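Engineer: First the structure, then my questions, so here it is.
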Amino acid sequence: MHGEELEIARRLGAAIWIADALAHLGRAMFLSDDLTGARSRLEEAVETAGECAEKAVFPLLTLAELALRARRPDDALAAVARVRLVAGAYRILQVEARCLEAAAWALLGRHPAAETALREIVCDADRYELRPTRWRAGLDLAELLRARGADDEGRREARDVRARLEAFGHELPDALARTFRQSALVLRASALASAATT
């Protein structure tokens, strides 16, 4: 579907639509673990966006996620820095960028800075009702807490996230709820919530 979207956008010749189609295709490839293909499409989306900087935000956020998955925190931080330049006053996007930045800091071993940032992000995500960001930041915080030996606090945070995920799952139709319960995010929350003391 995204490939067809890109083909149509290229025929129409509008850079904004082409950038969107590339970003959608790149995101889909990232979610299916084709990191090489995803990176190529996302970088092309950013380049194609050109002067319409807003169209570069989402592909840049995905490039940061991709860099984290590939354990390249410096590349993630570079993508976040570019998001900050183009996202401007979009507070929600800035919170998402900070979440990715904190994850990069954690990979670089800057645990105190990452923990402080994640606590702030958790509060901001609650304030603005950014559920997916809140879930990810909460689990990242739980992992950091456990890494520094605060097992009980880490488990409490993971249990809180698991409860939020379960509540969200109850809002979904049955078929979607079953798929959601098997998602990597839910499985990660369950593992962290029930992990034994280190």
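The values are calculated or read from the model by the stated rules, or taken from the named source; none is laboratory data. The structure displayed is predicted, hence computed values, not measured ones. Virtual Cβ from ideal backbone geometry, glycine too; neighbours counted across all protein chains shown.
Engineer: LEU63 is checked against (1) part of a helix (DSSP H, G or I); (2) at pLDDT 85 or above; (3) more than 14 Å from the chain's Cα centre (by Cα) and fails just one. What number does that condition carry?
Structural biologist: (3)
Engineer: Name the single residue that is surrounded by the most Cβ atoms within 10 Å (Cβ to Cβ) among those in segment 187-198 being among the aliphatic types (A, V, I, L, M) and either in contact (Cβ under 8 Å) with a residue 60 or more places away in the chain or outside any helix (DSSP H, G or I) (or both).
Structural biologist: ALA195
Every residue, every condition in (1) of a type outside the set (Lys, Arg); (2) more than 17 Å from LEU68 (Cα to Cα); (3) at pLDDT 95 or above, yes or no:
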{"position": "ARG110", "(1), (2), (3)": "no, no, yes"}
{"position": "THR116", "(1), (2), (3)": "yes, yes, yes"}
{"position": "ARG119", "(1), (2), (3)": "no, yes, yes"}
{"position": "ASP124", "(1), (2), (3)": "yes, yes, no"}
{"position": "ARG134", "(1), (2), (3)": "no, yes, yes"}
{"position": "LEU144", "(1), (2), (3)": "yes, no, yes"}
{"position": "ARG148", "(1), (2), (3)": "no, yes, no"}
{"position": "ARG155", "(1), (2), (3)": "no, yes, yes"}
{"position": "ASP160", "(1), (2), (3)": "yes, yes, yes"}
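Engineer: In addition: In segment 36-48, which residues are closer than 14 Å to ALA79 by Cβ and either under 18 Å from the mean Cα position of the chain (by Cα) or surrounded by 22 or more Cβ atoms within 10 Å (Cβ to Cβ) (or both)?
Structural biologist: ALA38, ARG39, LEU42, GLU43, ALA45, VAL46 - these are the residues of segment 36-48 that are closer than 14 Å to ALA79 by Cβ and either under 18 Å from the mean Cα position of the chain (by Cα) or surrounded by 22 or more Cβ atoms within 10 Å (Cβ to Cβ) (or both).
Engineer: Could you check how many residues of segment 175-186 are part of a helix (DSSP H, G or I) and among the hydroxyl-bearing types (Ser, Thr, Tyr)?
Structural biologist: 1
Engineer: Which residue is surrounded by the most Cβ atoms within 10 Å (Cβ to Cβ), if the candidates are limited to segment 158-186 and must be under 25 Å from LEU144 (Cα atoms) and of a type in the set (Val, Ile, Thr)?
Structural biologist: VAL161
Engineer: Quick one: which of GLU96, GLU47 is assigned by TED's automatic domain parsing to the domain that holds ALA114, in a helix (DSSP H, G or I) and not polar (S, T, N, Q)?
Structural biologist: Result: GLU96 is the single residue among GLU96, GLU47 that is assigned by TED's automatic domain parsing to the domain that holds ALA114, in a helix (DSSP H, G or I) and not polar (S, T, N, Q).
Engineer: I would also like to ask the following. Among LEU172, LEU144, which is the only one that is within 22 Å of the chain's Cα centre (by Cα) and assigned to a loop (DSSP other than H, G, I, E, B)?
Structural biologist: When all the criteria are applied, what remains is LEU172.
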